[in-house]
1. Pop out the carbon and sulfur fraction of the accessible area of the chain as a percent, whole number, probe 1.4 Å.
2. For GLU142 and SER72, FRET efficiency with R0 = 56 Å and r from the beta-carbon atoms, rounded to 0.05?
3. Can you tell me the dipole magnitude for the chain around its Cα centre, using point charges on the Cβ only (Lys, Arg +1; Asp, Glu -1), in Debye to the nearest 20?
4. Select from PHE77, CYS324, TRP295 the residue farthest towards the positive end of the dipole of the chain; place +1 on Cβ of Lys and Arg, -1 on Cβ of Asp and Glu, and compute about the Cα centre.
5. I'd like the distance separating the alpha-carbon centroids of the stretch 44-108 and the stretch 179-233, in whole Å.
6. Given H placed 1.01 Å from N in the peptide plane, which residues other than close sequence neighbours of VAL47 have an amide H under 5 Å from its amide H?
7. Relative to the present Cα-Cα distance, how much length would full extension add between ASN348 and SER151 at 0.36 nm per residue of separation?
8. Given a 1.4 Å probe, how much area per residue of the chain is accessible, in Å²?
Amino acid sequence: MTDPALPARSAPAGCPAHVGAIPLSGLEFQQTPSEIYRTMRREHGAVAPILLDGDIPAWLVLGYAEVSYVTSHDELFARDSRRWNQWESIPADWPLMPFVGHQPSVLFTEGAEHQRRAGVITEALEAVDQYELAHWSRKIAEQLIDDFAGSGQAELMSAYAHALPMRAAVQMCGMPAGGTDTEDLVRDLRISLDAAEGDDPVAAYVRVQERIQRLVKDKRGTHGPDVTSRMLAHPAGLTDEEIVQDLVSIIAAAQQPTANWIGNTLRLLLTDDRFALNVSGGRLSVGQALNEVLWLDTPTQNFIGRWAVRDTQLGGRHIKAGDCVVLGLAAANTDPQIWPEGHIGAENSAHLSFSNGEHRCPYPAPLLADVMARTAVETLLERLPDVVLAVDPAELTWRPSIWMRGLTSLPVRFTPFVQ
């Protein structure tokens, strides 16, 4: 394989906003992104010029090899967003500010400081007993199912897929399960990560931070067997502000992507003929369905981003120092260069859904997400063995987001029962 950082063709002149830049927005991105990625790849190659909200220029990396290259070469594509050469054009209320505005978070650290911060997170998460997490998740799942089991119908995204990982995540971090405070946090996390029309993602993110600040303050006074307490007690000596920022990252990563992983997997199981023989025990396993979703309907479609440390070449494009590079994880997972016959080999797990390199989702977070998602799907199918979609599959719609891939709703019906 050739080095993706070397020019494959003549680079375009000027900044990323040259003629042909594609707005990263619109209904097609939300509903049929795979078709858009194919068109972009055909017209622009592995790296495409795009326009973010407000016509801010950036690059979208579509190729598997190119995304892998960017994420494994921090010396060329770094995480500190203060490098961005577009800040003079960015208003304070820009919708993507929660993603790119520099904060004292592990997400924006580099080098030794990133290793220190990520090390604290890794050790705090490694102490989570996966069997205990599975037990919590199953108990939460059964409680949620009990709430709607007697009606014979449910909307699974709101009543189940989003609720389960959030309750499990806040329990891991030491927050009390349930209650208005926790539900408000769930709502604000969704808005900050996946804003719908009329939402204010910046204000929602501020409220999320305020709630986590209260949690850290409480845990300073009373430690417990939870992630927050372990981070506070770690010898690295993180400040409260650092811990707040890193907990926001942990909870956000545990909730929204895992919720959509659950929802997208349930959609696959309920709509794909390969699973139609018997949804709770069909030809393919729940594990295979979970893995296939990470390839074909990965919850995190695109991730912003990396910033070029200096002028460089990527996929035949001239990337200037300070340019923003958006990781096209969904496009990379379906890159025809790795699937030349058009067949996605979902049986392997070399996808980029948890990113790659130094800044990938820290171990063992993907394993914990898998525990929550697998338990959610298996418990639902065990408890509701005759569950079916309540609408035609073509009526299912995706949330209006270019960043996250998740259904607006997943209505189902089943034989009602009461415990």
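1. On the way: 9160 of 17590 Å².
Carbon and sulfur: 52 percent of the exposed surface of the chain.
2. Details: r = 42 Å, r/R0 = 0.75.
The computed FRET efficiency comes out at 0.85.
3. Details: 34 positive and 53 negative charges, 74 e Å.
Value, rounded to 20: 360 debye.
4. Going by the Cα projections, it comes out as PHE77.
5. Computed from Cα coordinates, the inter-centre distance equals 25 Å.
6. Here LEU62 satisfy the definition.
7. Numbers: separation 197, 0.36 × 197 = 70.92 nm, distance 3.88 nm.
67.0 nm is the gain from fully extending ASN348 to SER151.
8. Values: 17590 Å² over 419 residues.
I get 42 Å² per residue for this part.
The values are calculated or read from the model by the stated rules, or taken from the named source; none is laboratory data. The model shown is predicted, which means the values in this text are computed figures rather than measured ones. So basically every Cβ, Gly included, is an ideal-geometry build from the backbone, and we count neighbours across all protein chains shown. Side chains are part of the model used for accessible areas, which takes the heavy atoms of the whole protein and leaves out ligands, DNA and RNA. Shrake-Rupley method; radii C 1.70, N 1.55, O 1.52, S 1.80 Å.
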